[in-house]
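Quick notes on the structure that follows.
The values are calculated or read from the model by the stated rules, or taken from the named source; none is laboratory data. These figures come from a predicted structure and were not determined experimentally. Cβ coordinates were reconstructed from backbone atoms using ideal geometry, including for glycine residues, and neighbour counts include every protein chain displayed.
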Amino acid sequence: MKRLIARIRRSIWNLARLFSYGLFRREFETPIAQWAPDIVHAHDTMALLAAYHAAQRCGAKLIFDSHELETHRNPPQLWINRLQTRKIEAKYLPQAARVITVGQKIADHLKHEYAIEYPAVIYNSPPVGNWPIPKKWQRGVRSDVRQEAGLSADTVLMVYTGNIAINRGLEETIKGLALYQDEHPTRPLIHLAVVGRAVDSTLSALKALATAHGMEERLHFLPPVAANDVTRFISSASLAVIPILPETLSYQYAMPNKLFEAMLAGLPILGTDLAEMGPFIRRHALGETYDSRSTTEFSQSLKVLLDPTDPSTVPDAERYSKLAEQFGWEHQSERLLDVYKKVLD
């Protein structure tokens, strides 16, 4: 019944989105145009209609920032929403001065789908140093994931960050951990900390699954952390898991912020072999990948990650520092500023 109610709510929300583009434009077009900026930067398709018309009114340049493939998002849109989204993107993306996105695969798709210049790729990575966030997103002082889970320093702790929802792979993670412990009964028990927001029905389902697999005492749900504190908070874990399921094209092409948060935290990563994320993890020796639907591969990859046959392939502090310099927001922001400068030339 709870799942049925959730599906009904999603359907109502999707239907409401049919009117949201126009409402968003009516609310924001005039204030933006009156501000008379040089650039109007539209984040995702919801803002595109308002941004385009505001830019037209004040003579600004339009930049479209695609955080994901909106027409292939998770959970999937109703067909009529996908049709509307594609119609808007097909009309306005070719008219943007520049399109930005978060990964190479999404850039390939947008270029081919809408016959536009190859989008600039700017990874959704946090800064290496401290950074301020709006007060409404700030949270109280937190210790760290290990302390909040009540675990000792020698306990093996796997951490997941992000929303707790469908197609995020947490069910498969629980099953994979159970299989790993069954196959390696003499190895230390692994705890899983899940840091993020979830509805009660999802939490109940995951707790029931953990109980069924004898993991109820090793599954820890922790509330979300402020965006500018995630990297520090999770750094006390032993490893990070990114178990996204490629159920939609947007997820198949995902290069999520949790990937870069784990990397900047210096954590070995166990991630699903997504189209771009998988090769990225292997290329930079950040950890191990596995088939998203195979608990056997999960268990095997976890064993390799915890007991690598070649320790030289595991990034040390110096290599992590170089990766942080290359992919942290300090470098990504320079690329964004370069886009702005070229658009205004």
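Quick notes on this structure:
- Single match in Glu113, Glu117, Glu89 (criterion: charged (D, E, K, R), on the phi < 0 side of the Ramachandran plot, crowded, with 18+ Cβ neighbours inside 10 Å and outside the structural domain of Ser294 (by TED's automatic domain parsing)): Glu89
- Residues being free of Cβ contacts under 8 Å to residues at least 24 places away in the same chain and of a type outside the set (Ser, Thr, Tyr) - total across the stretch 288-305: 5
- Condition check for Pro188: under 24 Å from Thr289 (Cα atoms) and without any contact (Cβ under 8 Å) to a residue 60 or more places away in the chain: yes
- Of the residues making up the stretch 155-167, one or more are part of a loop (DSSP other than H, G, I, E, B) and more than 14 Å from the chain's Cα centre (by Cα).
- For the stretch 114-139, a residue qualifies if it is farther than 25 Å from Ala227 by Cα and in contact (Cβ under 8 Å) with a residue 12 or more places away in the chain, and the qualifying residues are Tyr114, Ala115, Ile116, Glu117, Pro119.
- Candidates Ile106, Ile100, filtered to the one that is in contact (Cβ under 8 Å) with a residue 12 or more places away in the chain, among the hydrophobic types (A, V, I, L, M, F, W, C), surrounded by 17 or more Cβ atoms within 10 Å (Cβ to Cβ) and farther than 18 Å from Val40 by Cβ: Ile106
- Of the candidates Thr186, Thr211, the single residue that is among the hydroxyl-bearing types (Ser, Thr, Tyr), modelled with pLDDT under 95 and more than 14 Å from the chain's Cα centre (by Cα) is Thr186.
- Here Ala153, Ala149, Ala178 are screened, and the one residue that is more than 23 Å from Asn74 (Cβ to Cβ), at pLDDT 90 or above and in contact with a strand residue (DSSP E or B) (Cβ under 9 Å, 6 or more places away or on another chain) is Ala149.
- Of the residues making up the stretch 62-80, those that are out of contact with any Ser or Thr (no Cβ under 8 Å at 6 or more places or on another chain) and either in the same structural domain as Arg168 (by TED's automatic domain parsing) or surrounded by 20 or more Cβ atoms within 10 Å (Cβ to Cβ) (or both) number 3.
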